[in-house]
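The structure appears right after this line, and notes come after that.
The values are calculated or read from the model by the stated rules, or taken from the named source; none is laboratory data. Just so you know, these numbers come straight off a predicted model, no measurement behind them. Please note: Cβ atoms are built from the backbone with ideal geometry, for glycine as well, and neighbour counts cover all protein chains shown. Please note that ligands, DNA and RNA were not included when accessible areas were found on the heavy atoms of the full protein model with its side chains. Shrake-Rupley method; radii C 1.70, N 1.55, O 1.52, S 1.80 Å.
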Amino acid sequence: YLTRRGTVLSVPGSLLWRLFSPADASALPRDSKGRFFLDRDGFLFRYVLDYLRDQELVLPERFPERSRLQREAEYFQLPDLARRLAAAAAPPPPRFSALLRDPSVCADDPPPGLGYLEAELPEAGASASPTSSRSPSGGPLLAPSLSLDAGGGGASGGRRSGYITIGYRGSYTIGREAPADAKFRRVARITVCGKTALAKEVFGETLNESRDPDRPPERYTARYYLKFNFLEQAFDRLSEAGFRMAACSSTGTCAFAPEQGGLADDKIWTSYTEYVFCRE
């Protein structure tokens with residue numbers, strides 16, 4: 001991560017504030033390029049850094065790492081962030097309840113008896129018709145009508161299940177003199193294969209449909225690609241949509257650089273990698 005020093009000093013008293021204060025920053029160990037190393041989860045640190053920028057907590061929908069992020073907030077000694085995460089992780093209230101009073105009682109007076117009705121949600125695809133009972137004061141209680149439809153979403157009740165495969169081609173050059181300093185080329189394009197409806201749900205406006213614009217929602221396509229070229233960004237979107245990686249595969253070939261117009265002793269490795277994601 002690359003950030004400003006003022007960002008890590010934005011919360012006085014935090015661990016980063018103490019580490020990078022003028023008195024201590026010069027004593028921190030660095031690598032050969034002058035970078036600092038923190039032995040913590042790199043994926044979760046992005047949200048810690050976002051919080052340090054403006055002291056706001058903004059997480060993706062269906063974020064599965066809330067408890068682990070709370071632990072990171074406690075480690076970096078950010079009590080406000082840890083408190084917000086703990087409050088967001090509190091158990092939700094009952095799914096549905098109704099508290100009805102006797103209609104004969106004046107609204108300005110306290111009711112002599114309250115009828116409490118707990119209506120359980122029916123199974124997916126079923127519906128509950130209105131039923132009546134008696135309140136403690138003798139008045140009727142009417143259970144509200146509930147209706148749920150599975151809607152073809154499978155066990156998730158509204159989300160489509162299925163697979164999405166993303167793939168990319170990459171290459172890097174390794175020289176004879178410095179094999180550790182491999183030169184990686186930027187990923188040019190990330191392709192998307194799967195049902196059109198699933199691909200549009202996950203990637204939205206970042207999906208380039210120019211090569212297959214009229215594909216029906218329930219048909220498969222292997223001609224879409226993403227408008228960005230960061231593989232981690234594609235992984236984030238799939239994770240936020242409830243997908244989990246099921247499999248991956250990669251192939252690689254090697255060619256000498258002179259064939260590609262490079263140095264005589266260099267080798268160019270080219271690979272193609274696919275990741276299969278599944279949502280049940």
Practice item. Would you check which residues across the range 1-14 are in contact with a Leu (Cβ under 8 Å, 6 or more places away or on another chain) and either surrounded by fewer than 16 Cβ atoms within 10 Å (Cβ to Cβ) or in contact (Cβ under 8 Å) with a residue 24 or more places away in the chain (or both) and list them? Key: Tyr1, Thr3, Thr7, Val8, Ser10, Val11, Ser14
Practice item. Please give the number of the condition Ala199 fails out of (1) over 17 Å from the mean Cα position of the chain (by Cα); (2) modelled with pLDDT of 85 or more; (3) surrounded by 17 or more Cβ atoms within 10 Å (Cβ to Cβ); (4) not in a strand (DSSP E or B). Key: (1)
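Residue-wise test of (1) outside any loop (DSSP other than H, G, I, E, B); (2) modelled with pLDDT under 90.
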| position | (1), (2) |
| --- | --- |
| Ser10 | no, no |
| Ser21 | no, yes |
| Ser26 | yes, yes |
| Gly34 | no, yes |
| Asp39 | no, yes |
| Arg62 | no, yes |
| Arg71 | yes, no |
| Asp80 | yes, no |
Point to revise | Residue list for the range 60-87, restricted to those being farther than 19 Å from Val8 by Cα and surrounded by fewer than 16 Cβ atoms within 10 Å (Cβ to Cβ) | key: Pro60, Glu61, Arg62, Phe63, Pro64, Arg66, Ser67, Arg68, Arg83, Ala86, Ala87
Study note, to complete from the structure: Taking first residues from the range 212-227 that are open to solvent by less than 30 Å² (accessible area, probe 1.4 Å) and second residues anywhere that are part of a loop (DSSP other than H, G, I, E, B), the pairs with Cβ under 8 Å that are 6 or more apart or on different chains are Thr221/Asp212; Thr221/Arg215; Tyr224/Glu209; Tyr224/Arg211; Tyr224/Asp212; Leu226/Arg189
Exercise for review: Go over the candidates Leu44, Leu57 one by one and state the one that is part of a helix (DSSP H, G or I) and open to solvent by less than 70 Å² (accessible area, probe 1.4 Å).
Suggested key: Leu44
